[in-house]
1. Using the beta-carbon distance between residue 227 and residue 285 and R0 = 22 Å, what value does 1/(1 + (r/R0)^6) give for FRET efficiency, to the nearest 0.05?
2. Specify which labelled value, from [x] -0.52, -0.63; [y] -0.59, -0.69; [z] -0.46, -0.57, agrees with log10 I(q)/I(0) by the Debye sum over Cα atoms at q = 0.09, 0.10 Å⁻¹ derived from the coordinates of the model shown.
3. List, in order, the whole-Hz ³J(HN,Hα) value for each residue of region 156-168 obtained from phi through the Karplus relation with A = 6.51, B = -1.76, C = 1.60 and θ = phi - 60°; use x for Gly and Pro.
4. Could you please report the charge total around residue 52, scoring K, R as +1 and D, E as -1 over all other residues with beta-carbon less than 13 angstrom from its beta-carbon?
5. Sort region 132-275 into rounded, prolate or oblate with this rule: let a ≥ b ≥ c be the square roots of the eigenvalues of the Cα gyration tensor; rounded if a/c is under 1.5, and if a/c is not under 1.5, prolate when a/b is larger than b/c, oblate otherwise.
6. Loop-only trypsin sites (Lys or Arg not before Pro) in region 129-214, please: DSSP not H, G, I, E or B, and at most 11 other Cβ atoms within 10 Å.
7. Give me the one-decimal nm value for the distance between modelled label points at residue 8 and residue 111, 7 Å along each residue's Cα-to-Cβ direction.
8. Could you tell me which of 208, 269, 185 has its Cα farthest along the dipole of the chain towards the positive end, charges placed at Cβ (Lys, Arg +1; Asp, Glu -1), taken about the Cα centre?
Amino acid sequence: MTTRTDASPPAIAVQGLRKRFGATAALDGMSFDVAAGKVTGFVGPNGAGKSTTMRVILGLDTPDEGRALIGGVPYARLRRPLGHIGALLDAAALQPGRSARNHLLWLAHSQGLGAKRVEEVVQASGLASAIGRKAGGYSLGMRQRLGIAAAMLGDPPVVMLDEPFNGLDPEGIVWIRGYLKALAGEGRAVLVSSHLMSELEGCADHLVVAGRGRVVADTGVAELIARSSGGRVVLRTGARAEATTALANAGGTVAVTGPDQLTVDGLGAEEVVRVLNAGAVPFAEVSAHRATLEEAYMDLTRDSVEFRAADATATVDATATVEATNAEEVA
């Protein structure tokens, strides 16, 4: 596997993509690069433009503006494209009456590849015991594995998977996380779309966050978590109302985040301890808050979700305010 030098083009370059379907703007200036040697999570709410972007990269949709390049070249100009990019967009895109092995053999033959390579990807995908069965009888999780095997037939330097976690059981999710990291460790560029951050936890190195057809954030995972953590403090206490009142009076912004847990903005950990001790408020723990990837993602996409239920955070904050008011009245 050849490692990209700084002078080489990005493994994938998405440049100013715009695309409308009737009155709907699916892409509204989507731009980002995907680097070799990393798992890049392509995340965002449903309708953010992830699948359309991937279809444009593969030449399946034509953008109204902009372009997408693979190693500096449009997909349509690649000779034997499976040797340049392996992709899984739809696990159901197969001939159900054909055995899984014959499905892979047919794809391999179209790219000038032999049966030996088919057996290699079958072993890597964990399908060896079921490869002779008709693909139409596969579960969704098995079809995902088959699609990943097909994507890897050409031993490509770039791998692109759209929602590959769908239908996988817990063992399958653990497997694909490890597999994606292993591919990036070999120097490949790996782009994986998902609308659930929990699926990418522990395997993504970089995130491209999309919302309403454009990039909301393009950042490393560690940087995103640090930024979202924002100096907040986590407090565990059985005296939630008393603590809320004392900390609010000291200038903190307090939110209830668990049965015995508060999150405090605006006060450092040492100041929280000082305020609680001064008010004789008992507590079990005070620690710096570290945001989860899910929290960081929700912060970024809060204004990009097309359909939303009632705001649970507002309900929690209102509950904290009522408790604080009641505590003041009792006092």
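1. 0.40
2. Calculated log10 I(q)/I(0) by the Debye sum over Cα atoms at q = 0.09, 0.10 Å⁻¹: the matching label is [y].
3. After applying 6.51 cos²θ - 1.76 cosθ + 1.60, I find x, x, 10, 10, 9, 10, 9, 6, x, 7, 4, x, 7 Hz.
4. +3
5. It comes out prolate by the Cα gyration axes.
6. Within region 129-214, no trypsin sites (Lys or Arg not before Pro) qualify (loop, at most 11 other Cβ atoms within 10 Å).
7. Computed distance between label sites residue 8 and residue 111 equals 1.8 nm.
8. Towards the positive end, the residue furthest out is 185.
Only the coordinates and a few stated rules stand behind these numbers; no lab work does. Quick caveat: nothing in here was measured; it's all calculated off a predicted structure. Heads up, the Cβs are rebuilt from the backbone with ideal geometry, glycines too, and the neighbour counts pull from every protein chain shown.
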